[in-house]
Amino acid sequence: MVGSHSITSTIDSEIRSRHWRGIALRGIAAILLGIVSIVLPGAAFMSLVIVFGVYAIVDGGIELIAAARAPAPGRWSAIFRGLISMVAGVLALVWPGITAFVLLMLIAGWAVVAGISEVAAAIRLRKEITGEWLLALQGVLSIVFGVALVIAPLVGAIVIGLWVGAYALVIGGLLIALAFRLRKALRAGPGKLAAA
């Protein structure tokens, strides 16, 4: 029985490690969002709505693709996170004239839900990989970012752009770091995921 559980755990770890490209793509998308938001913080608020909408849809789509390939036990939180991200992106694009406050609450809600999902995934993976703290840190930062937006909803568009940019750059960097750890584990061979 113990041997069977160990084999299943190793297979699950190997399947997850093969999705490092999707995680890296999410990181690159986040970094691009961060660069645009920091370089053009004073751009029209409509641009921020569109950039956020596109990013959230891409992020959610990549998460849903990864969920479709993931083993059944860990699939539901990834599907939930992907759907929430896509819904947030579609709402931002369908209602481009929404007020800054509504957009802030949309982004804040998305960040908190995504953060909780990432922390849950890190807890679930803690025995299978050693880099789970990167995923947990990403989740905590998402939650903090969402709460900060709720506490200070009336900040100017420039500050919002800088906040979104800084958040996206940090999250993007963490995702890319996690992707490379998973890639390293994959190259190390079967059973090496926990050692990466």
Descending principal axes extents, the stretch 19-195, alpha-carbon based, whole Å:
50, 28, 25
Taking the Cβ of Trp110 as the centre, find all other residues whose Cβ is under 15 Å away and add up their charges (Lys, Arg: +1; Asp, Glu: -1).
-1
Phi-derived 3J(HN,Hα) across the stretch 175-187 with the Karplus relation (6.51, -1.76, 1.60, θ = phi - 60°), rounded Hz, x for Gly and Pro, is 5, 5, 4, 5, 4, 5, 5, 5, 5, 4, 5, 5, 5
For Gly82, net neighbour charge (Lys/Arg +1, Asp/Glu -1) across residues whose Cβ lies under 14 Å away:
+1
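Rule-based calculations on the coordinates, nothing more; no lab input. Keep in mind that what you see is a predicted model, and the values were worked out from it rather than measured. Note that each Cβ is placed from the backbone with ideal geometry, even for glycine, and that neighbours are counted across all protein chains shown.
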